[in-house]
Structure formats: structure tokens, C-alpha cells
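S.K.: Pasting in a structure now, in C-alpha cells, and then I'll have a few things to ask.
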Amino acid sequence: MNAAGGALSGQVAIVTGAGRGIGHAIAMALAREAATVVLAARTRQELAAAAAAIREGGGTALAIPTDVTQDAAVEAMVEQANAELGRVDILVTAAGAASFGPVVGTKPADWDAILAVNLRAVMACCRAVLPAMIRQHRGTIINIASVAARRPIPGAAVYTATKAGVVGFSRVLAEELRGDGVRVGVLVPGAVDTPLWDTIGNSPARSRMLRPEDVARAAVLMASLPPGASLEELTLMPAGGIL
Ligand SMILES: NC(=O)c1ccc[n+]([C@@H]2O[C@H](COP(=O)([O-])OP(=O)(O)OC[C@H]3O[C@@H](n4cnc5c(N)ncnc54)[C@H](OP(=O)(O)O)[C@@H]3O)[C@@H](O)[C@H]2O)c1
């Protein structure tokens with residue numbers, strides 16, 4: 001898996017949400033390109049399994065159990081990555097959650113958990129890696145938004161607000177970091193067949209969704225472009241057009 005000649009050889013990538021779904025597929029794909037991968041999420045067994053799979057393929061992985069909604073945990077995770085691996089070149093923020101329902105049926109307090117993981121934590125993770133990336137004058141941040149940020153889907157107002165927030169935050173951060181050698185991009189997928197849909201009723205047909213590996217290919221492309229090029233927004237849809 002971890003061919004020394006991979007496109008990301010010598011680079012350290014932090015992937016949040018790496019235990020399953022999109023983050024897991026991205027972590028495996030970055031490892032295949034010879035990046036050293038830091039796996040961050042809350043479920044220890046899933047992180048351990050992902051790290052073992054990367055190592056079995058000849059790659060290097062460091063599992064750091066982290067709740068990204070806890071600022072101190074995010075800081076500690078990035079500090080540990082820097083201390084043990086010496087640098088941070090890539091950040092992929094794939095930790096996230098979804099819950100759907102009409103706004104009229106919710107209370108403001110119901111929104112807090114999803115805002116925390118889908119928006120605030122993305123901002124906190126980006127902020128935490130910036131000192132290392134600016135010091136290195138090199139870095140690529142890939143935030144995972146959603147096509148929900150582009151198309152109004154009834155029942156998805158709160159989820160959409162978090163994803164539109166991620167798009168806006170990423171755009172401004174990209175401008176702020178242009179002189180620092182740090183690229184910021186946002187990946188905007190349509191529906192992807194992951195465990196995220198397991199508890200959501202009325203989901204679109206999963207067989208028509210993207211595979212997590214499709215999103216991983218897009219992330220590898222964003223991370224492996226030459227430093228002079230920055231893929232800042234990439235919309236990836238199932239060819240059949242499903243959201
Ligand atoms: N699936 C889709 O159709 C789709 C489409 C567009 C965009 N997206 C976005 O892509 C991202 C990943 O989605 P997915 O489908 O891969 O979801 P998933 O299969 O449910 O996986 C979510 C991952 O995020 C982690 N996570 C959740 N809360 C966390 C927290 N507080 N701290 C650290 N890690 C946390 C989970 O691990 P733990 O629970 O162990 O912490 C898990 O590894 C989300 O932002 C989602 O909105 C998904």
C-alpha cells in the first residue's frame with residue numbers, strides 16, 4: 001500500500017472522522033499515496049482497525065481518539081501529531097453528523113450538537129493546524145461540505161446551515177492563507193453510501209449513491225496537486241444525479 005514513491009510520500013495527514021465512512025476511505029487512500037496518516041474520531045476500536053489496515057498495507061498510521069467538539073482535545077491531538085511525526089501537511093475534516101426534520105419541529109437547543117461537530121469543530125481543527133502549516137510554508141486543508149450547501153432540501157435546514165458555513169469559512173480561510181503556502185479547499189459531495197444513512201429513514205437508494213472511495217479519489221487529487229495549484233471547490237455527484 002505505502003509505496004515509497006507515492007504522491008504524498010513524506011507528508012503527514014490528519015483525517016478527522018477516519019473511523020468509518022468518507023473519512024475512513026480518505027485515510028486509506030492517503031496512506032496508499034504514502035502519506036503518514038493520523039486517524040482522529042471517538043470510537044477507539046474503529047480507529048485501531050483502520051490503523052491496523054494501513055500498517056498491514058505497509059503504511060504508517062497513528063490513531064488518536066479525539067472528540068473534535070472538545071477544543072482541548074483537538075489542540076492535544078494536533079500537538080501529539082506534531083510531536084510524534086514532526087509536521088502536519090494535510091488536514092481533512094470528515095468528522096460530521098446529519099439529522100433531518102422540519103425546523104418547526106425543533107428547538108434551538110436541538111441544533112447545538114450538529115453545529116458543534118459539522119461547523120465549529122471544522123473551524124477549530126483548521127485553526128489548530130495553522131501554526132505548523134504556516135511555519136512549514138506548506139499545507140493543504142480539505143473540508144468536507146455537502147451538496148446540501150448548494151441545493152435547498154426540505155428537512156435539511158440545520159445540516160445545510162452547517163455545510164454552507166463550512167463553504168464560507170473555507171473560502172475566507174483560503175484568502176487569508178494565500179501568502180503562507182497553505183491551500184484551503186472544500187469538497188462538496190452528493191449522497192455517499194456510508195453508515196451515516198443507517199439511522200435516517202426515507203434515505204435515497206443507497207445503490208445509487210457515490211462510494212466513499214469516490215470521494216477519497218477527489219481528496220487525493222486535491223492533496224496531491226503541485227503546490228502552485230489549488231483546487232478550492234470540488235463538487236462530486238453520483239452520475240445518476242441523486243442528492
Ligand atoms: N454520507 C453522505 O451522503 C455525505 C454526503 C455529503 C457530505 N457528507 C459529509 O461527510 C462527512 C462524513 O460523513 P460520513 O457519511 O462518512 O459519516 P459517517 O459514516 O457517519 O462517519 C462519521 C465519522 O465522523 C466521526 N465523528 C462524528 N462525531 C465526531 C466527533 N464529535 N468527534 C470526532 N469524530 C466524530 C465518526 O466517528 P465517531 O462517532 O467514532 O466519533 C465517524 O468516523 C460528514 O461531514 C457528512 O456531513 C456525507
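S.K.: Just to compare against my own numbers: the Cα pair-distance distribution for the range 119-237, 10 Å bins, whole % per bin, please.
M.R.: Once binned at 10 Å, the Cα pair distances of the range 119-237 give 13, 41, 32, 12, 2.
S.K.: Quick one: putting +1 on the C-beta of Lys and Arg, -1 on the C-beta of Asp and Glu, what dipole do you get for the range 1-114 around its Cα centre, in Debye to the nearest 20? Can you show the working numbers first?
M.R.: On the way: 7 positive and 11 negative charges, 62 e Å.
In total the dipole reaches around 300 debye.
S.K.: Taking R0 as 35 Å, what FRET efficiency do you get between Arg151 and Asp180 from their Cβ-Cβ distance, rounded to the nearest 0.05? Walk me through the numbers on the way to the answer.
M.R.: On the way: r = 33 Å, r/R0 = 0.94.
E(calc), rounded to 0.05, equals 0.60.
S.K.: Also: How far is it, in nm, from the label point at Ala52 to the one at Glu79 when both lie 7 Å from their Cα along the line to the Cβ?
M.R.: Output for this residue pair reads 3.0 nm.
S.K.: Put +1 on the Cβ of each Lys and Arg and -1 on the Cβ of each Asp and Glu in the range 197-239; which of Gly228, Ala216, Ile200 then has its Cα farthest toward the positive end of the dipole?
M.R.: Going by the Cα projections, it comes out as Ile200.
S.K.: Local charge sum around Gly139 (other residues, Cβ-Cβ under 11 Å, Lys/Arg +1, Asp/Glu -1)?
M.R.: Once positives and negatives cancel, what remains is +2.
S.K.: Which value in nm describes the separation of the simple spin-label points at Arg208 and Ala164, placed 7 Å from the Cα toward the beta carbon?
M.R.: In this crude spin-label approximation the distance works out to 2.6 nm.
S.K.: Tell me the net charge near Leu47. Cut-off is 13 Å between Cβ atoms, Leu47 excluded, with +1 for each Lys or Arg and -1 for each Asp or Glu.
M.R.: +2
S.K.: Using the crude model of +1 on Lys and Arg Cβ and -1 on Asp and Glu Cβ, and no other charge, please compute the dipole size for the range 76-156 relative to its Cα centre, in debye to 20.
M.R.: Result for the range 76-156 is approximately 280 debye, rounded to the nearest 20.
S.K.: If Lys and Arg each add +1 and Asp and Glu each add -1, what is the summed charge of the other residues whose beta carbon sits under 11 Å from the beta carbon of Arg171?
M.R.: -4
S.K.: Please list, short to long, the whole-number percent of alpha-carbon pairs of the chain in consecutive 5 angstrom bins beginning at zero.
M.R.: Computed distribution, short to long bins: 1, 7, 15, 20, 21, 17, 11, 6, 2, 0, 0.
S.K.: Another question, if that's okay. Which one of Gly59, His24, Val88 has its Cα pushed farthest toward the positive end of the charge dipole of the chain, where Lys and Arg give +1 and Asp and Glu give -1 at the Cβ?
M.R.: The residue sitting farthest along the positive end of the dipole is His24.
S.K.: Continuing with the same structure: Evaluate the charge dipole of the chain about its Cα centre and quote only its size in Debye, nearest 20, assuming +1 on the Cβ of each Lys and Arg and -1 on the Cβ of each Asp and Glu.
M.R.: Values: 21 positive and 20 negative charges, 76 e Å.
Around 360 debye, computed over the chain.
S.K.: Here's a follow-up. Under a crude label model (7 Å from the Cα following the beta-carbon direction), how far is Val172 from Asp67 in nanometres?
M.R.: Between Val172 and Asp67, the label points sit 2.7 nm apart.
S.K.: Report the equivalent ellipsoid semi-axes for the range 45-132 in whole Å, largest first, defined as the square roots of five times the eigenvalues of the gyration tensor built from alpha carbon atoms. Intermediate results must be reported in sequence, preceding the final value.
M.R.: Numbers: eigenvalues 174, 57, 19 Å².
Listed largest to smallest, the semi-axes of the range 45-132 are 30, 17, 10 Å.
Just so you know, all these numbers are worked out from the coordinates, no wet-lab data involved. These numbers come from a predicted model, not from an experiment. Cβ sites come from the backbone with ideal geometry, for glycine too, and all protein chains shown count toward neighbours.
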